[in-house]
4 protein chains.
Amino acid sequence: MTDHPPPAAGFVLTLACADRPGIVAGVSRALAEAGGDIRGAQQFGDEDTGRFFMRVVATLPPDGEAAVRAALGTLGAEFGMRWRLSARGTPRRVLLLASRFDHCLADLLYRWRTGELRIEPVGVVSNHPRGSYPALDFGSVPFHHLPVGADNRAEQEAAVWRLFQDSGAEFAVLARYMQVLSDDLSAKLAGRCINIHHSFLPGFKGARPYHQAHARGVKLIGATAHFVTADLDEGPIIEQDVERISHADSPADLIRKGRDIERRVLAQAVRMFCEDRILLDGVRTVVFGD
Amino acid sequence: MTDHPPPAAGFVLTLACADRPGIVAGVSRALAEAGGDIRGAQQFGDEDTGRFFMRVVATLPPDGEAAVRAALGTLGAEFGMRWRLSARGTPRRVLLLASRFDHCLADLLYRWRTGELRIEPVGVVSNHPRGSYPALDFGSVPFHHLPVGADNRAEQEAAVWRLFQDSGAEFAVLARYMQVLSDDLSAKLAGRCINIHHSFLPGFKGARPYHQAHARGVKLIGATAHFVTADLDEGPIIEQDVERISHADSPADLIRKGRDIERRVLAQAVRMFCEDRILLDGVRTVVFGD
Amino acid sequence: MTDHPPPAAGFVLTLACADRPGIVAGVSRALAEAGGDIRGAQQFGDEDTGRFFMRVVATLPPDGEAAVRAALGTLGAEFGMRWRLSARGTPRRVLLLASRFDHCLADLLYRWRTGELRIEPVGVVSNHPRGSYPALDFGSVPFHHLPVGADNRAEQEAAVWRLFQDSGAEFAVLARYMQVLSDDLSAKLAGRCINIHHSFLPGFKGARPYHQAHARGVKLIGATAHFVTADLDEGPIIEQDVERISHADSPADLIRKGRDIERRVLAQAVRMFCEDRILLDGVRTVVFGD
Amino acid sequence: MTDHPPPAAGFVLTLACADRPGIVAGVSRALAEAGGDIRGAQQFGDEDTGRFFMRVVATLPPDGEAAVRAALGTLGAEFGMRWRLSARGTPRRVLLLASRFDHCLADLLYRWRTGELRIEPVGVVSNHPRGSYPALDFGSVPFHHLPVGADNRAEQEAAVWRLFQDSGAEFAVLARYMQVLSDDLSAKLAGRCINIHHSFLPGFKGARPYHQAHARGVKLIGATAHFVTADLDEGPIIEQDVERISHADSPADLIRKGRDIERRVLAQAVRMFCEDRILLDGVRTVVFGD
């Protein structure tokens, strides 16, 4: 017998809807009536698109989650909201896709093992065989060699899609996966497939951006993490960063420096996704930072 | 006769209080009932200090401000809040203090003239005469030469304080004002006096930090904007930034590079203050970014 | 009567030529034989273009300069060098061109007055009248209002060119001068006219790059200083920098943040030019940093 | 039979000596007479310490290395030089020391495997057992568990020193090795032992710097790579970098963000060492960048 209440648990609530008065009041009342305590929150109304976005970190008593879900069901219908309530810190199931260059894949696996990224890899897909990654320890994560060529693209993508569904993946990461997804697969994965582009978009598109950067003589190179859309280089941007270079850097140096930026930018985008910080706003993203 | 309602005006509301459930719900209900529309907001509960902070940008109908003030009066008493509601974009009255080096002063004046900073300088105080600034155009801003020495410090500070009060200044900026304020004046200006420290605190304190940085052989130098407290180098930090240096940089080079960082960091801190983005949280600050 | 030799003076020597063995040996021997002492130097051979670049800071005795010039005359002919020897710290004569936005102009003038930039402005040219800059103090620098329209472009450019020559300008700076130079004037000013592009090239070209950046939803914006060529956005890049932005930044916020980057990037490029740190390498630049 | 000469090979020459005229001339003549071709070089004279530093990348014909070594033997004696000539790109033998946190160790091993860092790990030393690193694949690199306590410090350090010598290590890296080296071992490894300090020195010294940073409310955190000296926090600094943080970051967040900076800063310092870019200049370093 004890006087202490059962411990409150942490939740993250995100929502998006057309902007109009009363959204924050409605949501915060629903949380308060369920015994919730808001620990931090951010709201943003986009004057261009007329959309409103909200992210709340709150604690809820043991019976609070059901009450909040019920209230949000009503409120969500009234305001036409897309909302998501999830236990804070729950690992998000992810399917990782890679090709020959494995620095991003290795980095994500390392950050997963250290607990730095709250992901749960449910599979690694590559168009190269397992032997291409002698130094990588996939542990119990299933590896799928799905080679792809001009004649089997549709079948290979169908296999990827089946894997995504069967594994219960919540999102996919193209960790330097050097295949362009079809419009069909891009559409199926809309808003839940993150790509790392090895360039500071909209700077250098197409092949070999570091060689392009060297030829142009730029003084900074960068990388871009974005959601995949049918138009590969035009998906909503999640995160970008740059690194300073000089005349003395060869294309090989740029590629080496670029690897570091790519790792950092992709890991940051994945972390933002896992913490429910990214909300789609048309062709752009709202990213609620720390 | 017209169907259009009078235009809604923009307001910024900030508040701080001890953390407990219901704050956001109470505030957002007050805003909603007054016809307000939240355009953006941020909340943060500090688990260390047990304080809760909130900043809201909202539009209000013409009669909304009074209603919100009334509701916040009640709510504020209930929750023990410190709150502030102000029309968005209203210039904040500022008293600028400077000494021999005028790069920060010149920069603030320039950003005021371009409208980049929403400040209204109500006076410039210097312990050097007007003629020390031949290239600066103070326009209609009164210039006050208040020399200071060992024997008149109390009188000089009393004059500064009178100027602050008489001019209706809302805050003061020490734009490389090289005099240490007394504990008494620091206390009077608590939370409304911003200093730029020409070092990346807690790195190099005391005199000639760039010479110290050169002697130590560091690879980055920085600057720190903070609120003034009795202990000059220990006030709550608002903003910091750094710049890369190399072995080839002399102390003179560091001073030159430092000037740029100082300008940038101070201007950023002033802008954050004017936009009501800074809230005091004990010895630290909560800065709600863009 | 004294035993002390007359003081040695500082010089900067820069040179570029086709790469082949013996360049550094020849140049350093010439300096040593003239009694010079190398204080710092950098060399770079570009494997793509086959060009070799060198910058030396050296002290020379009073009669040393003539000796070095003679030796470099011979050596330069042998190696097909372009070289330049100049007293270190001599202000470089510059013609400043501006349009409506004066933040870059104001910044350059301020850095000139403080001695931070070793320039000597020999004139300010604007297509707007003097009254457009009420807060700017040009001191004794002549102001030239040279309006330009569809029907007088050639005449206006001829006037600019005459001013450049008559004033003895060594280089020109387009400090947000919003007119595209003709191919003819660009050619005349090749390698000695610096422009600030209000975008992170090759990112957003054309008009209103900050609006383009906002529409695309990028997470960093930047600016680019480059030499002017006939193709406005494609001149050799001297310096670039970026600033982080967020979904909450409006185009107006981007323009404000962009002003800061533009000032910083342009001032850095001008400083590099004045210190003879920039050497043209085809469509790229070699910039020998501090 | 062929017309082609045997291919020239790349070398890096570094040297340091008291500054006086003729050093560059002497060295470049020695290289030219041996058939060398300078591809890039940097020189720096420190006016504070009176020391001169030089780094040259040059190609040499097959018989050129012996000739250069002979000439530098003579020249080096004349000028009192410390010099080093090595084949460019030869992996440098390194002994890695780690404790419980393995993010830096994992990062170095990964960059070794990808060829990004030209190192050859000759051993991993830890005061924790092999089983502490289940996810790390050391391949053929010997692992040495050398536990240390109050009663066996001298013996453990003697074992480390024997390993260093027996393995032919050229340098050691303390990859978050949480033991303070004795003055004796520090002296033996002077100039060839790199430590990563999990703070932006001279900011937060001592234990738990990220907790100190959080308590102080700083807005940027950083890391510092430096050579080990008897005074742990005061060794010559090689590289530093920072990351932006906010009020919302807990100490745990700072530790996570700090890991990234530590990895990046340490890897950069190791790369600079392997490329012979770091020269000791008293309590500071000269680092000849790319």
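The values are calculated or read from the model by the stated rules, or taken from the named source; none is laboratory data. Given the structure is predicted, the values throughout are model-derived calculations rather than measurements. Counting neighbours? That spans all protein chains shown, and the Cβs are built from the backbone with ideal geometry, glycine included.
General observations
- Neighbours by Cβ (under 8 Å, 6+ apart or cross-chain): first from segment D:125-138, within 11 Å of another protein chain (Cβ to nearest Cβ); second crowded, with 18+ Cβ neighbours inside 10 Å and part of a loop (DSSP other than H, G, I, E, B): D:Tyr133/D:Asp102; D:Leu136/D:Asp102
- Filter pass, A:Ala71 being touching a Lys or Arg at 6+ places or on another chain (Cβ under 9 Å), closer than 21 Å to B:Val56 by Cβ and not β-branched (Val, Ile, Thr): no
- Any chance C:Leu280 is surrounded by fewer than 20 Cβ atoms within 10 Å (Cβ to Cβ) and at pLDDT 95 or above: yes
- Verdict on A:Arg100 being basic (Lys, Arg) and within 26 Å of A:Ile255 (Cβ to Cβ): yes
- A single entry from A:Leu185, A:Leu108, A:Leu117, A:Leu97 fulfils the requirement of being out of contact with any Asp or Glu (no Cβ under 8 Å at 6 or more places or on another chain) and in a helix (DSSP H, G or I): A:Leu108.
- Some residue of segment D:231-242 being over 26 Å from D:Asp290 (Cα atoms) and over 17 Å from the mean Cα position of the chain (by Cα): yes
- Restricting segment B:218-240 to residues that are part of a loop (DSSP other than H, G, I, E, B) and of a type outside the set (A, V, I, L, M), the residue that is nearest to B:Gly258 (Cα to Cα) is B:Lys219.
- One residue from D:Ala87, D:Ala98 being of a type in the set (A, V, I, L, M, F, W, C), loosely packed, with under 14 Cβ neighbours inside 10 Å and either within 24 Å of the chain's Cα centre (by Cα) or within 14 Å of chain C (Cβ to nearest Cβ) (or both): D:Ala87
- Residue match in segment C:1-11 (condition: assigned to a helix (DSSP H, G or I) and not small (Gly, Ala, Ser)): no
- Across segment D:168-178, the number of residues qualifying as surrounded by fewer than 17 Cβ atoms within 10 Å (Cβ to Cβ) and of a type outside the set (A, V, I, L, M) comes to 1.
- Residue satisfying all of: in segment C:263-290; facing chain A (nearest Cβ under 10 Å) and assigned to a loop (DSSP other than H, G, I, E, B); farthest from C:Val12 (Cα to Cα) among these: C:Val283
- Verdict on D:Asp137 being farther than 25 Å from D:Pro91 by Cα and more than 18 Å from the chain's Cα centre (by Cα): no
- Members of segment D:228-262 that are aliphatic (A, V, I, L, M) and within 12 Å of chain B (Cβ to nearest Cβ): D:Ile237, D:Ile238, D:Val242, D:Ile245, D:Ala248, D:Ala252, D:Ile261
- Condition check for C:Phe53: in contact with a strand residue (DSSP E or B) (Cβ under 6 Å, 6 or more places away or on another chain) and either part of a strand (DSSP E or B) or over 18 Å from D:Ala32 (Cα atoms) (or both): yes
- Residue match in segment C:238-256 (condition: closer than 30 Å to C:Asp48 by Cβ, crowded, with 20+ Cβ neighbours inside 10 Å, touching a Phe, Trp or Tyr at 6+ places or on another chain (Cβ under 8 Å) and not β-branched (Val, Ile, Thr)): yes
- Of all residue pairs spaced 6 or more apart or on separate chains, those with beta-carbon atoms under 7 Å, a first member in segment A:206-217 that is charged (D, E, K, R) and a second member that is assigned to a loop (DSSP other than H, G, I, E, B) are A:Arg216/C:Pro202.
- Residue match in segment A:128-135 (condition: more than 28 Å from D:Asp102 (Cβ to Cβ), out of contact with any Ser or Thr (no Cβ under 8 Å at 6 or more places or on another chain) and surrounded by fewer than 21 Cβ atoms within 10 Å (Cβ to Cβ)): yes
- Residue tally, condition in a helix (DSSP H, G or I) and in contact with a Gly (Cβ under 7 Å, 6 or more places away or on another chain), over segment B:148-182: 1
- Unmet criterion (only one of (1) in contact with a helix residue (DSSP H, G or I) (Cβ under 9 Å, 6 or more places away or on another chain); (2) crowded, with 16+ Cβ neighbours inside 10 Å) for C:Gln212: (1)
- Residues (among the aliphatic types (A, V, I, L, M), touching a His at 6+ places or on another chain (Cβ under 7 Å) and more than 23 Å from B:Glu47 (Cα to Cα)) located in segment D:217-258: D:Ala223, D:Ile237, D:Ile238
- Answer residue from segment B:195-216, given it is in a helix (DSSP H, G or I) and in contact with a His (Cβ under 8 Å, 6 or more places away or on another chain) and is nearest to B:Leu174 (Cα to Cα) among those: B:Pro209
- Hits in segment B:240-286 - residues which are β-branched (Val, Ile, Thr) and under 17 Å from D:Val242 (Cβ atoms): B:Val242, B:Ile245, B:Ile261, B:Val265
- Residue tally, condition at the interface with another protein chain (Cβ under 9 Å from one of its Cβ atoms) and of a type in the set (Lys, Arg), over segment A:24-57: 2
- Filter result for D:Leu60 (surrounded by 21 or more Cβ atoms within 10 Å (Cβ to Cβ), in contact with a strand residue (DSSP E or B) (Cβ under 8 Å, 6 or more places away or on another chain) and more than 9 Å from every other protein chain (Cβ to nearest Cβ)): yes
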